[in-house]
């Protein structure tokens, strides 16, 4: 199979250098069309511009535009926040989604992520719907003998399949049934956003749930996540961290597929993204940004800042 990838053309429109002291992230992104050009430790951006799974799950469409708006915002940030020693950041483009089934898109997604993992890359997947999490985890399963997954999300996303097909509400059911990670943690599940039988399914399948209400009671969500990340790294497991932007309070992230009146603050989610990179996560995905419902690109900017923070975290490991 030859995965269908479309280069993201936005980076070519950004001046490679504005002023010697004002270089932006968009100027250092390397447009890469061949996985063979990736080296161990490099960071790779991959966009999945589709919301087919969101629509299957009864959600509001619009997330297909996120890989474009999030990159646009990311390119404007200063490189100063990345630290002195810069990792190499590639953009391999977007998976071709137009006119294709979700199943075909997912097959390409898994193949590309697996190839990148085998090259030793660290990957940021820009969704799209949360259905993207399953092919990423499947690839990690084939690349690494031991792996863990953390889902930062008010929802459990373990709904039953829709007529035998996956969707944005089912990725972690599919993962628990097929990929079977050594460790799976639902971080930030909200009590009014998760059915009892779905909670039971996660626990009976060997997963753990850390409720949002408990996290708030303890305090400092980013520190709590960091402690989990340290334990996973010390345990020698490869890690996939999945950030659903629904986890952020709607005051900070109005442009999502399913907004929430409570949730993590912008500062907290950015610190979590930094911690995920600093912990050496192999895959970080940021999903469910919906530009169609955004205000002044608030959510796209926040997702972009999370990506920049992931890069900064990975940079510390050099």
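For segment 66-84, give me the residue count where each residue is under 18 Å from residue 274 (Cα atoms), touching a helix residue (DSSP H, G or I) at 6+ places or on another chain (Cβ under 9 Å) and in a helix (DSSP H, G or I).
Of the residues in that region, 7 qualify.
Here is a list: 48, 92, 43. Which entry is at pLDDT 95 or above, within 23 Å of residue 159 (Cβ to Cβ) and under 20 Å from the mean Cα position of the chain (by Cα)?
48
Yes/no per residue for (1) touching a strand residue (DSSP E or B) at 6+ places or on another chain (Cβ under 6 Å); (2) without any contact (Cβ under 8 Å) to a residue 40 or more places away in the chain; (3) more than 16 Å from residue 172 (Cα to Cα):
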position: 96; (1), (2), (3): yes, no, yes
position: 115; (1), (2), (3): no, no, yes
position: 124; (1), (2), (3): yes, no, yes
position: 134; (1), (2), (3): no, no, no
position: 141; (1), (2), (3): no, no, no
position: 146; (1), (2), (3): no, no, yes
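Return the residue satisfying two criteria in turn: it lies in segment 203-237 and is in contact with a strand residue (DSSP E or B) (Cβ under 6 Å, 6 or more places away or on another chain) and within 19 Å of residue 160 (Cβ to Cβ), and of such residues it is surrounded by the fewest Cβ atoms within 10 Å (Cβ to Cβ).
Per the criteria, the residue is 209.
Can we say residue 154 is closer than 22 Å to residue 198 by Cβ and either without any contact (Cβ under 8 Å) to a residue 24 or more places away in the chain or in contact with a strand residue (DSSP E or B) (Cβ under 8 Å, 6 or more places away or on another chain) (or both)? Can you show your working first?
Working: closer than 22 Å to residue 198 by Cβ: yes; either without any contact (Cβ under 8 Å) to a residue 24 or more places away in the chain or in contact with a strand residue (DSSP E or B) (Cβ under 8 Å, 6 or more places away or on another chain) (or both): yes.
Answer is yes for this residue.
Pairs please, first residue from segment 34-47 and assigned to a loop (DSSP other than H, G, I, E, B), second anywhere and loosely packed, with under 14 Cβ neighbours inside 10 Å and modelled with pLDDT of 95 or more, Cβ atoms under 9 Å, 6+ apart in sequence or on different chains.
38/120; 39/120; 40/120; 41/120; 42/120
Which numbered condition trips up residue 284, out of (1) in contact (Cβ under 8 Å) with a residue 60 or more places away in the chain; (2) more than 25 Å from residue 236 (Cα to Cα)?
Result: residue 284 passes all but (2).
Within the group 304, 276, which residue is touching a strand residue (DSSP E or B) at 6+ places or on another chain (Cβ under 6 Å), at pLDDT 95 or above, surrounded by 24 or more Cβ atoms within 10 Å (Cβ to Cβ) and part of a helix (DSSP H, G or I)?
Of 304, 276, the one residue that is touching a strand residue (DSSP E or B) at 6+ places or on another chain (Cβ under 6 Å), at pLDDT 95 or above, surrounded by 24 or more Cβ atoms within 10 Å (Cβ to Cβ) and part of a helix (DSSP H, G or I) is 276.
The values are calculated or read from the model by the stated rules, or taken from the named source; none is laboratory data. Since we're looking at a predicted model, the values are computed, not measured. Cβ coordinates were reconstructed from backbone atoms using ideal geometry, including for glycine residues, and neighbour counts include every protein chain displayed.
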